[in-house]
Amino acid sequence: MATTAPQLEGAKDEMAALIKAKSCGPILVRAAWHDSGTYNKDIPSWPQCGGANGSIRFKPEMSHAANAGLCGALALIEPIKTKFPEVSYADLLQMGSALAIEMAGGPKIPIRYGRVDTTGPEECPAEGNLPGAAGPFADGSATPAEHLRKVFYRMGLSDKDIVALSGAHTFGRSYPSRSGFGKESTKYTKDGPGTKGGSSWTQEWLKFDNSYFVEVKAQRDEELLVLPTDAALFEDEGFRQYAEKYAEDQDAFFADYAESHLKLSELGSKFSEGTPCCECCS
Ligand code: HEM
């Protein structure tokens, strides 16, 4: 079923108000990426190929270890879904993510709408498609760089996409109680806003800028997080050219980030006909 422009616009307004009131942008970005990031380009059938299809809302997928804590994101968007039922969960997730990045000072991402939702738990992908942050890696990879390539190449993404998208860690925090990574609290996170605690990658973790690349390169502040997969961006020859560029040039990062994020937001998505594109129809 197509979604009408007033429903999309109404949902977008409510989403913006939610992000402002709860400082919940980062968890929305992570939830959207974890819905998309199960995609396997070698599986031709939908929804078996995984991807941005709303399946993360079902228990079998939400219970995957990589999704710890993300039920909170779904609970946040549920009232918007109730109010604007024509907008699919898959669209709401991608809308929340792109809007949060734009509201935090990041690039505008021209998200396309009309994603068809999966309808039941039996349509969830198997566990193990999302990347781990440190070895030993379940796929047998010897290094974080090898693991990142295995996971992102399976989605049809490139080295440039891997580095640009990793820049989303400029936003948000890691919690020992969820992923097991990071500290209980740091001087940058002890007071929130929003949930208190965790470790951030950057000092101003509610701002979307290129400081992730600057900090991961410098590794000068013990209060900031660097995961093995973050460090790999400056250690691996193929990744380093992009990471260095983004540390130097925020405009270059924003341009590449917007392009890669748009691709990520459409992985495995099936679009219904007749849904207006919010960006050009509103
Ligand atoms: C490159 C491989 C990646 C790995 C290994 C990874 C790993 C992680 C881990 C361990 C956390 C902490 C989660 C928690 O404890 O709650 C996290 C948080 C986060 N990740 Fe990633 N991630 C990756 C890629 C991405 C991508 C591609 C995006 C988005 C485009 C992204 C966006 C985020 C955001 C926004 C947070 C913060 C969530 C919050 O504050 O609640 N990550 N990631």
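Just to confirm the number: angle between the C-alpha axis of helix 5-22 and the first principal axis of the chain, 0 to 90 degrees, nearest 10?
40 degrees
Can you tally the net charge around LEU267? Count Lys and Arg as +1, Asp and Glu as -1, for every other residue whose Cβ sits under 12 Å from the Cβ of LEU267.
+2
When only C-alpha pairs under 8 Å and at least 6 residues apart count, what is the relative contact order of the stretch 1-141, in percent?
34 percent
So if I place +1 on the C-beta of Lys and Arg and -1 on the C-beta of Asp and Glu, and nothing else carries charge, what would the dipole magnitude of the chain be about its Cα centre? I want it in debye, nearest 20.
The calculated dipole for the chain is roughly 600 debye.
In bins 10 Å wide, starting from 0, what share of all Cα pairs of the stretch 144-260 does each bin hold, as a percent?
Using 10 Å bins, I get a P(r) of 15, 45, 33, 8 for the stretch 144-260.
Report D for the stretch 84-213 in µm² per second (integer): Stokes-Einstein, Kirkwood Rh on Cα pairs, 20 °C, 1.002 mPa s. Please list the in-between numbers first.
Working: Rh = 17.1 Å.
Answer, rounded: 125 µm²/s.
Please calculate how many Å² of accessible area the chain carries per residue, with a 1.4 Å probe and no DNA, RNA or ligand atoms counted.
Here the per-residue accessible area is 43 Å².
Please list the radius of gyration and Dmax for the stretch 23-99, considering alpha-carbon atoms only, with Å as the unit.
For the stretch 23-99, the Cα radius of gyration and maximum Cα-Cα distance read 12.1, 38 Å.
Check each of the GluC sites (Glu not before Pro) in the stretch 183-268 and keep only those in coil by DSSP with at most 11 other C-beta atoms within 10 angstrom; list them in order.
GLU222
Not counting ligands, DNA or RNA, and with a 1.4 Å probe, what is LYS108's accessible surface area in Å² rounded to the nearest 10?
So the heavy atoms of LYS108 present about 110 Å² to solvent.
For the stretch 135-282, which whole percent of the accessible surface, found with a 1.4 angstrom probe, sits on carbon and sulfur atoms?
Working: 3270 of 6770 Å².
Carbon and sulfur: 48 percent of the exposed surface of the stretch 135-282.
Report, largest value first, the span of the C-alpha coordinates of the stretch 215-278 along each principal axis, in whole Å.
51, 25, 22
Taking a spot 7 Å from the Cα of ALA126 along the direction of its beta carbon, which residues of the stretch 139-160 have an amide N less than 17 Å from it?
139-141, 151, 154-155
Given a 1.4 angstrom probe, I'd like the percentage of the accessible area of the stretch 20-100 that is carbon and sulfur, rounded to a whole number.
61 percent
Sorted by accessible area with a 1.4 angstrom probe, largest first, how do TRP201, TRP46 fall?
TRP46, TRP201
Please give the Cα centre distance for the stretch 159-204 versus the stretch 126-144, rounded to the nearest Å.
20 Å
Treating cross-link reach as a plain straight distance, find the lysines whose alpha-carbon is under 16 Å from the alpha-carbon of LYS187, omitting any fewer than eight places away in the same chain.
LYS196
Per residue and in cubic angstrom, what volume does the convex hull of the Cα atoms of the chain have?
Considering the Cα atoms of the chain, their hull volume per residue is 116 Å³.
The values are calculated or read from the model by the stated rules, or taken from the named source; none is laboratory data. Note that the structure is a prediction, hence the values are computed from the model and not measured. Ideal geometry is used to build each Cβ from the backbone, glycine not excepted, and the neighbour counts take in all protein chains shown. Remember, those area values only see protein heavy atoms, side chains included, never the ligands or the DNA or RNA. Shrake-Rupley method; radii C 1.70, N 1.55, O 1.52, S 1.80 Å.
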